[in-house]
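Notes follow once the structure below has been shown.
Each value in this text was obtained by applying a stated rule to the coordinates, not by laboratory testing. Since the model is a prediction, treat every value here as computed from it, not as a measurement. Every residue, glycine as well, gets a Cβ built from its backbone with ideal geometry; the counts of neighbours run over all protein chains shown.
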Amino acid sequence: MLKMIYLVNYAQQGCSGLMQDWDREPALRKRFEAVGGKLISIAFTHGLFDLVVRVEMPDMNAAHAALTVARASGMVSGGVVLQEVDMAAAMALANKAAALEKPQG
């Protein structure tokens, strides 16, 4: 499973909905489970983005599908999807590849 981070802003409709029911966890959990994912955490933020959501997703298609549904609902606008990197695994691969490098000349 891929670990993903969604950074989103609420649209006008989303802000209106928050004023009625600010607990988004149950709805988000269902949305991610519907595409094969698993909600890890959510955080409301002050700054460039309104909401940060961490999830596990089976693949990038599922990650894109979840964001598309959120945008289509009118609840969020824009959005950035980031994939977490397993640095231990990445550096192990980098060191393996670096060991094969030979100086030029």
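Rounded to the nearest 500, what is the chain's calculated 222 nm mean residue ellipticity when only DSSP H runs of at least 4 contribute -39500 (n - 2.57) each, over all residues?
Details: 4 runs with 45 residues, N = 105.
Helix-only estimate at 222 nm: -13000 deg cm²/dmol.
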Distances longer than 23 Å among the Cα atoms of the chain: what percent of all pairs is that?
36 percent
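Counting alpha carbon pairs within less than 8 Å and at least 6 residues apart, what relative contact order, in whole percent, applies to the chain? It would help to have the intermediate numbers written out before the result.
Details: 137 pairs, mean separation 42.5, N = 105.
Here the relative contact order equals 40 percent.
Calculate, for V85 and Q20, the FRET efficiency according to 1/(1 + (r/R0)^6) with r their C-beta to C-beta distance and R0 41 Å; round to the nearest 0.05. Don't skip to the end; give the middle numbers.
Working: r = 38 Å, r/R0 = 0.92.
About 0.65, to the nearest 0.05.
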Would you list which lysines come within 23 Å of K30, measuring only between C-alpha atoms, while excluding same-chain residues fewer than 8 positions from it?
K3, K38
